[in-house]
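S.K.: Just passing along the structure, written as structure tokens.
No lab work stands behind these numbers, since they all come straight from the coordinates. Only a predicted model underlies this, so the values are computations on that prediction, with no experimental measurement involved. Glycine gets a Cβ as well: all are built from the backbone with ideal geometry, and neighbour counts include every protein chain shown.
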Amino acid sequence: MTNKQKKTLKRILVATVLLVILQLLPLSEMLGSVFGKAEDGTPFVLRKIATIILYLIPYLVVGYDVVINALKKIRTGDFLDEEFLMMIATIGAFAIGEYPEATAVMLFYQVGELFQSIAVGKSRKSIADMMDICPDTAIVLRNGSEEEVDPSEVSVGEIVVVKPGEKIPIDGLILDGTSSLNTAALTGESLPVEVTPGSPVYSGSINLTSAIKITTTTEYENSTVARILELVENSTDKKSRSEKFITRFARFYTPIVVILAILISVFCALFTDLGVSGSIYRGLIFLVVSCPCALVVSVPLSFFGGIGAASRRGILVKGSNYLEALSKIDTVVLDKTGTLTEGAFAVDAVHPNQIDADTLIDIAALTESRSHHPVAESIVNAHGKHIDPSRLGDVEELPGRGIRAVIDGKEYYVGNGRLMDEVHADFHECHLPGTVVHVAMAETAGDTGSSQYLGHIVINDVLKKDSPDAIADMRRSGISEIVMLTGDNEKVAAKVAGEIGIDKYYAGLLPGDKVAKLESLLDGNRQVAFVGDGINDAPVLTRSDVGIAMGALGSAAAIEAADVVLMDDRLGKIPEAIRISRKTMRIVKENIGFSLFIKIAIMVLGALGFADMKLAVFGDVGVLVLAILNSIRAMRIPKVG
């Protein structure tokens, strides 16, 4: 509890004690003995003034700030809010002699405000805990000694020392040392990540085991942690349609209920036997219960709680509007490479011809060992053994076809079908989908007239382990259609779609084709989310109803282009994000429906004379407290599955 909240609680307690004392004391007899018991003349006036002053003490103790704020707003002309309603309602109660009720109304209003402050503070803390991910200082090696500086003063290329238990201040590459990092604040995952020299590391991660030296690759203001903090801090600026409705509603609602309260008082005074005091009292009951606090507070608080819950799971939502849009999604469109697959090639199959598989891999790995192409690297990785460079002679790149290499004095060709045709190798295409690398040996070195076909190797992008489960989870979450878009050929697309359970896919698409295909899916009443890696898919991300960037840790392009950012590569966080958004929207609708129903019911009862001030206070403060307690549920993270 903050100091301000503690002070408010003390004021509430003091005012409550004073009010109880005033209610228990025989004030009429005590003041009568001081000022006289005459029911007219000066003694009566003095007794009345004394009573007002006594009740004003607890009233001002608990509500002086409300009165001051309302008076300030009247002076500026922007006063039609709940503080103004509370001020005129309680002053009106004093005017008709309902001193205890006037004080009680202000007291309960402040109780509701305290609940609101605590709830908002708790919600902010849930985000603040996630955001407390960057140290105040960085230890930099300068002139051979360690110097402690502000992270913003560290330049690109400087060496930063991070000891065990400390947070990494700036993005960079490991220069020296091996360690384990806790990236939970960024990705929401508690499993440590092992890093070695050359590994990229991101600000906000916690170094767990050993001291490491990092060469910085970015300035602090462009680092991962700075971008995340900016994103979360600005998330409340983008309001949902529900919040905008409540803001507009409150702006018109307040003057309307003030006018209605006046009309009720006038009507009762003219057409009933309530008298002036009774008529004003009935209008005040209407005014108290009509205060829109429950709506104005609980709806933004629900969204804030939902955004906080998502943030703690490594799901960054850029605003309440995107959280609301996410809850309506019924169609998910997924890019393949980097989203459903790892975006890293690996050997999927080895089909030798006249030689064994190990020999085929050995020849291909030696031939490709000097290349940095992803396909070449995947063959070298599959070989997994020491490559003796002395065995390798002349190597020639053949653009668009493959490589010619001399190994142990023999000439080999490694490449596509076009190269096999050129060297007259009797090859055949593979029945499996993927990138096929053929291998042939020249029967006579330097002679391409005839070559012996040795077999082929199939390379494929590695499917993410959680992709099938994530797709199934999306369907359980109520997603009616899941579509895959890819630039790969039909065979590869069909294989991936079949393995992960996607019924509809479109293959062979260029970046522009993906936008056109998404726009065709947007036709009609569909609400479409596009999921991509955020680097090459920016046009499609921005065109969809909700753009979701996968694995955006360290990627400025992803954070910039998407509406929802998943900080790691787990596809399973998409249905989790949808569940959080839908739970938040359920709570918002519950609060709106419950608050309006109770308030309208008590307003009607009050106007007809069937409700007193106590029920009116419940209709205001009680409903506010219940709505706040319901809103706090949005901060709880639903279980996956």
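S.K.: Amide H to amide H under 5 Å from Ser199: which residues, 5+ apart in sequence or cross-chain, H placed 1.01 Å off N in plane?
M.R.: Residues meeting the criterion, in which the H sits 1.01 Å from N, are Ile174.
S.K.: Right, another one. Looking at the chain only, what percent of DSSP beta bridges run antiparallel? Nearest 5 please.
M.R.: On the way: 58 of 77 bridges.
The antiparallel fraction comes to roughly 75 percent.
S.K.: Based on the mean of other Cβ atoms within 10 Å per residue, sort peptides 283-290, 156-163, 145-152 so the most packed one is first.
M.R.: Values: 283-290: 27.6, 156-163: 17.1, 145-152: 13.1.
Order by mean packing, descending: 283-290, 156-163, 145-152.
S.K.: To continue, here is another question. What is the calculated FRET efficiency for Leu263 to Arg75, with r their C-beta to C-beta distance and R₀ = 30 Å, to the nearest 0.05?
M.R.: On the way: r = 27 Å, r/R0 = 0.89.
That gives a FRET efficiency of 0.65.
S.K.: Between Gln354 and Asp65, what is the label-to-label distance in nm when each label sits 7 Å out along the Cα-to-Cβ direction?
M.R.: Each label point is offset 7 Å from its Cα along the Cβ direction, giving 8.9 nm.
S.K.: Can you give the longest run of the chain that contains no trypsin sites (Lys or Arg not before Pro) sitting in a DSSP loop with at most 16 other Cβ atoms inside 10 Å?
M.R.: 38-237
S.K.: Lys and Arg at +1, Asp and Glu at -1: add these up for the other residues within a Cβ distance under 12 Å of Val195 and post the number.
M.R.: Working: positive: Lys213; negative: Asp176, Glu194.
Once all neighbours under 12 Å are counted, the net charge is -1.
S.K.: To the nearest 20 debye, what charge dipole does the chain have about its Cα centre, counting +1 at the Cβ of each Lys and Arg and -1 at the Cβ of each Asp and Glu? Mind showing how you got there, number by number?
M.R.: Values: 61 positive and 77 negative charges, 837 e Å.
Once rounded to the nearest 20, the dipole reads 4020 debye.
S.K.: Okay, moving on. Would you tally the net charge around Gly278, using a Cβ to Cβ cut-off of less than 13 Å, leaving Gly278 out, and scoring K and R as +1, D and E as -1? Numbers along the way, then the final one.
M.R.: Details: positive: Arg282; negative: Glu98, Asp273, Asp612.
Net of charged neighbours comes to -2.
S.K.: With every atom except the alpha carbons ignored, what do you get for Rg and Dmax of segment 399-539, in angstroms?
M.R.: 20.8, 66
S.K.: Can you give the calculated 222 nm mean residue ellipticity of the chain, where each DSSP H run of n ≥ 4 adds -39,500 (n - 2.57) and the sum is split over every residue, rounded to the nearest 500 deg cm²/dmol?
M.R.: On the way: 22 runs with 325 residues, N = 641.
Rounded to the nearest 500, the figure is -16500 deg cm²/dmol.
S.K.: Would you mind counting up the charge near Asp620? Only other residues with Cβ under 9 Å from its Cβ, with Lys and Arg at +1 and Asp and Glu at -1. Walk me through the numbers on the way to the answer.
M.R.: Working: positive: Lys599; negative: Glu82.
Every neighbour counted, the sum reads 0.
S.K.: Mind pulling up the Rg/Rh value for the chain? Radius of gyration and Kirkwood radius, both on Cα.
M.R.: Numbers: Rg = 35.6 Å, Rh = 30.1 Å.
Dividing the radius of gyration by the Kirkwood radius yields 1.18.
S.K.: Still on this structure, I have one more. Which lysines have a Cα less than 21 Å from the Cα of Lys495, not counting those fewer than 8 places away in the same chain?
M.R.: Straight-line reach from Lys495, under 21 Å: Lys336, Lys464, Lys465, Lys504, Lys514, Lys517.
S.K.: Under a 5 Å amide H to amide H cut-off, with H placed in plane at 1.01 Å, what residues pair with Gly455 once short-range neighbours are removed?
M.R.: Those lying under 5 Å, H to H, from Gly455 are Asn353, Val439.
S.K.: Shifting gears a bit: Give me, ordered by chain and number, the residues 5 or more places off Val333 or on other chains with an amide H under 5 Å from its own placed amide H.
M.R.: Residues meeting the amide H criterion: Val483, Ala529, Phe530, Val531.
S.K.: Then there is this: For segment 365-378, just list the computed ³J(HN,Hα) in residue order, Karplus coefficients 6.51, -1.76 and 1.60, θ = phi - 60°, integers in Hz, with x standing in for Gly and Pro.
M.R.: Coupling constants for segment 365-378: 5, 4, 4, 8, 5, 8, 8, 10, 5, x, 5, 4, 5, 5 Hz.
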